[in-house]
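The values are calculated or read from the model by the stated rules, or taken from the named source; none is laboratory data. In this text the structure is predicted, and so the values were computed from the model without any measurement. Reconstructed Cβ throughout: ideal geometry from the backbone, glycine too, with neighbour counts over all protein chains shown.
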Amino acid sequence: MPKTFTAYFESPIGWVKVRSDEAALLSLDFVDAAGRSGGEAASGPDLPRVLADCLGQLDGYFRGERTSFSLPLRLEGTPFQRLIWDLLLRIPYGKTTTYRELAEAAGNARATRAVGGANHRNPVSIVVPCHRVVGSDGRLTGYGGGLWRKEWLLRHERS
């Protein structure tokens, strides 16, 4: 089993926990500051390049200097989930799409709930921009990090 590494990034909307192995980003989630316990590495020379690059790219994103990410990803999920995550990567910075539009792009316009489920299971939020998906009426719906974060991220990308 490959060794995994963990680092934390303090963003304007809370702590982000980032995990990788030597070669690829594995997960990126919002956590409470209390979640930083457990002896996990926060920084240092032993972090793999992909993790250090991710922290730098997150910093650039939150500063408004970066509009996309260039990181190797290892996303584990069903074929449908991976298809949806790939489609999410195609949503331009500052733009949104709907669950229905994603379902149509995936080949089944009636699969909006399945698209929502795949969005919810996205292991690398922000990098795979599930926050850019809104309801058919334009309302903000569902975001694992909280709707207030989704709203912040969309406003940040529009400014």
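List of remarks:
- Filter result for the condition that a residue is of a type outside the set (S, T, N, Q) and within 18 Å of Cys54 (Cα to Cα), over Val133, Val115, Val128: Val128
- The listed residues are Ser159, Ser136, and the only one of them that is touching a helix residue (DSSP H, G or I) at 6+ places or on another chain (Cβ under 7 Å) and either modelled with pLDDT under 95 or not assigned by TED's automatic domain parsing to the domain that holds Ser11 (or both) turns out to be Ser136.
- Test: residue in the range 44-56 that is surrounded by fewer than 17 Cβ atoms within 10 Å (Cβ to Cβ), at pLDDT below 95 and outside the structural domain of Glu22 (by TED's automatic domain parsing): no
- Looking across the range 1-16, the residues that are of a type outside the set (S, T, N, Q) and either part of a loop (DSSP other than H, G, I, E, B) or free of Cβ contacts under 8 Å to residues at least 12 places away in the same chain (or both) come down to Met1, Pro2, Lys3, Glu10, Pro12, Ile13.
- Applying a threshold of 7 Å to beta carbon distances and a minimum spacing of six or more residues, or different chains, the list of pairs starting in the range 78-93 at a residue that is free of Cβ contacts under 8 Å to residues at least 12 places away in the same chain and ending at one that is surrounded by 13 or more Cβ atoms within 10 Å (Cβ to Cβ) reads Arg82/Leu75.
- Every residue from the range 49-99 that is among the hydroxyl-bearing types (Ser, Thr, Tyr) and either within 12 Å of Val128 (Cα to Cα) or out of contact with any strand residue (DSSP E or B) (no Cβ under 8 Å at 6 or more places or on another chain) (or both): Tyr61, Thr67, Ser68, Ser70, Thr78, Tyr93
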